[in-house]
There are 2 protein chains.
Amino acid sequence: MRTGSTAKRSPDVSPWPKPEQREINRALKREAVLLRAVEFFNEKGFHATSLDDVALSLNVTKPTIYHYFANKDEILFACVQRGLEEIGQAAQAAEQAGGNGLQRLRALLIDYAMMMSDGFGACVGRTPDHALSAESLSRIKALKRDTDAIVRRVIEAGMADGSIAVADVRLTTFTALGALNWISRWYDPAGPLSKREIAEHSVATLIGGLAARSDSNRRGE
Amino acid sequence: MRTGSTAKRSPDVSPWPKPEQREINRALKREAVLLRAVEFFNEKGFHATSLDDVALSLNVTKPTIYHYFANKDEILFACVQRGLEEIGQAAQAAEQAGGNGLQRLRALLIDYAMMMSDGFGACVGRTPDHALSAESLSRIKALKRDTDAIVRRVIEAGMADGSIAVADVRLTTFTALGALNWISRWYDPAGPLSKREIAEHSVATLIGGLAARSDSNRRGE
DNA sequence: TCACGATTATACTGGCGAGTAAACAACGTC
DNA sequence: GACGTTGTTTACTCGCCAGTATAATCGTGA
């Protein structure tokens, strides 16, 4: 596992490597561990994933992983945190986009659902509270509250502009995000539908509801 | 752990214990193991649950548990199977009830959501595929397909009688059940709402949708 | 070229937990 | 009362895995 090959450099004038190149390599290696670990976590679950197996798949040994991470819990935490950061950024972008509340909510939920299909986003959906240490869990919960807060603000904005009508914003947020979180559990990349098709349909179902829109199904019947 | 107390008998005439009483006691002990094990599985997850701890909480030792179950996987399988049986029976009852498709679907989903709040039903929602052995998983998937099939038939009946309108029955079933499955992940018995209140609201949200019913939000816009 | 820090590997500890062998206790039948 | 069966305990094996001590290798700077 000697790094025999030199990375092809950008057409930079200086022939000497920048002092920060080592930091970049270190970050790249750490990222490689995370990307591989999240695959294992998503497929086997946290407890059934051994760091020996993760290391083997990266052609290194386990102590190498411990060079970049303090312990196994930190690796899981980093994966879930990354997923929540991606989700949070997408949620913020959707909140700040144009359109009424419903349109922004629709875009937000579609992005959310797509992220639940694989990678770090799926890790968010697939990681139960008890897999994380108490300290990690409290930090993760804080991040989740941030995302929830954005979703609720968008729903409230939609209620204010008349495009959304729900009885309880908090429970509605749980219900909608629950449906999309579950995609992390059943989405199959080998299945007939793409993650976007699934996302769009699931969100359309949440927005439109199951009831046929007719006088016989008026709300509150 | 000696069984010092005699169970109070029904007012039966014969003073001799029935030969089947031992079978009944055996079944009661097996049930006690399941009821306790599912609490541990729901709280800690399958892998983080040790049978030593389960046994200790029942005031017996681990080999006693192995007297009633072949292995740990069989215990988890029995818990999930029990949950799916309860869900399946409720689904069948709802399918055969009166009312149009939407009314039957509403009753079915409320029962389903309530069962997701605790016990064996929550175990169904909280058990990822990779926690089960391959053989157990294939049997569990068969049971899940049965339940899914009932939900789809009720949706199809509702589409036929005009009370339900959805674009894709299969994806709609996944989305709706996903939302309710997620209740197993966040329901808190100490929270302000009862499981019935949460169930009724979540199902109302799924049925009614997030969009306000107005001309500006017509389906397909 | 050498020293030093960073990176990685070898070998290992310690603990946990699934599962079991053998022994003991309790129960039921003859 | 003896014996067989059932239920339970004690003591244990074995394997796995998180995590680490120490050594070796590599890369960089002087």
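Take the alpha carbon gyration tensor of the range B:120-221, find the square roots of its eigenvalues, order them as a ≥ b ≥ c, and report rounded if a/c is under 1.5; if not, report prolate when a/b exceeds b/c, else oblate.
Oblate, because a/c is 1.5 or more while a/b does not exceed b/c.
As a check on your grasp of the helix formula, calculate [θ] at 222 nm for the protein assembly as shown: sum -39500 (n - 2.57) over DSSP H runs of n ≥ 4, divide by the residue count, round to the nearest 500.
-21000 deg cm²/dmol
Using unit Cβ charges (K, R positive; D, E negative) and no other charged atoms, how large, in debye to the nearest 20, is the dipole of the range B:19-69 about its Cα centre?
Approximately 120 debye in magnitude.
Residue by residue through the range A:102-109, what is 3J(HN,Hα) from phi via Karplus (6.51 cos²θ - 1.76 cosθ + 1.60, θ = phi - 60°)? Round to whole Hz and write x for glycine and proline.
Using θ = phi - 60°, the values come out as 5, 5, 5, 5, 4, 5, 4, 5 Hz.
Mind giving me the nanometre distance, one decimal, between the label points for B:L35 and A:S133, set 7 Å out from Cα along Cα→Cβ?
3.7 nm
Placing a label point 7 Å from Cα toward Cβ, how far apart in nm is B:A70 from its equivalents in the other copies, listed shortest first to one decimal?
For B:A70, the other copies' label points sit at 4.4 nm, shortest first.
Per Stokes-Einstein, at 10 °C and 1.306 mPa s, what whole-number D in µm² s⁻¹ belongs to chain A, with the Kirkwood radius over Cα pairs as the hydrodynamic radius?
80 µm²/s
Round to a whole angstrom and tell me the spacing of the C-alpha centers of the range B:45-84 and the range A:35-66.
Cα centroid to Cα centroid, the span is 28 Å.
What's the FRET efficiency of A:Q21 with A:Y66 using the Cβ-Cβ distance as r and R₀ = 22 Å, to the nearest 0.05?
Approximately 0.40, to the nearest 0.05.
Past 26 Å, Cα to Cα: identify those pairs from B:K62/B:K195; A:K72/A:K144; A:K62/A:K144; B:K144/B:K195, in the order given.
B:K62/B:K195; A:K62/A:K144
Can you pull the accessible area of B:W186 for me, 1.4 Å probe, Å² to the nearest 10?
Solvent-accessible area, nearest 10 Å²: 50 Å².
Inter-copy label distances at B:E43, 7 Å along the Cα→beta-carbon direction, one decimal in nm, shortest first?
3.4
Name all residues of the range A:89-105 having a backbone nitrogen under 18 Å from the label point set 7 Å from the Cα of A:A160 along its Cα→Cβ direction, giving them as ranges.
A:92-105, by backbone N distance to the label point.
Charges at C-beta only: +1 for Lys and Arg, -1 for Asp and Glu. How large is the resulting dipole of the protein assembly as shown about its Cα centre, in Debye rounded to 20?
Here the protein assembly as shown has a charge dipole of around 620 debye.
Using θ = phi - 60° and the Karplus curve 6.51 cos²θ - 1.76 cosθ + 1.60, what whole-Hz ³J(HN,Hα) does each residue of the range B:157-168 get, with Gly and Pro shown as x?
Working through the residues one at a time gives 4, x, 5, 5, 8, x, 8, 10, 9, 9, 7, 9 Hz.
Can you pull the accessible area of A:D161 for me, 1.4 Å probe, Å² to the nearest 10?
80 Å²
Run through the other copies and list how far each one's label point is from that of A:E20, in nm with one decimal, shortest first; the point sits 7 Å from Cα along Cα-Cβ.
7.9
Using Cα pairs under 8 angstrom and six or more residues apart, how large is the relative contact order of chain B, in percent?
RCO, chain B: 21 percent.
Give me the inter-chain shielding for B:165-172: mean count of other chain Cβ atoms within 10 Å, whole number please.
5
Each residue of the range B:22-28 in turn: what ³J(HN,Hα) in whole Hz from Karplus with 6.51, -1.76, 1.60 and θ = phi - 60°, glycine and Pro shown as x?
Calculated HN-Hα couplings, in order: 5, 4, 5, 5, 4, 5, 5 Hz.
Going 7 Å from the Cα of A:E85 toward and past its Cβ, which residues in the range A:39-74 have a backbone nitrogen under 18 Å from where you end up?
In the range A:39-74, the label zone of A:E85 (backbone N under 18 Å from the point 7 Å along Cα→Cβ) covers A:39, A:68-71, A:73-74.
Given a 1.4 Å probe and the protein chains all in place, what does the accessible area of A:S133 round to, in Å² to the nearest 10?
40 Å²
The values are calculated or read from the model by the stated rules, or taken from the named source; none is laboratory data. Being a predicted model, the structure only gives us computed values, none of them experimental. Here Cβ is always computed from backbone atoms with ideal geometry, including for glycine, and neighbour counts include all displayed protein chains. Surface accessibility is based on the protein's heavy atoms, side chains included, excluding ligands, DNA and RNA. Shrake-Rupley method; radii C 1.70, N 1.55, O 1.52, S 1.80 Å.
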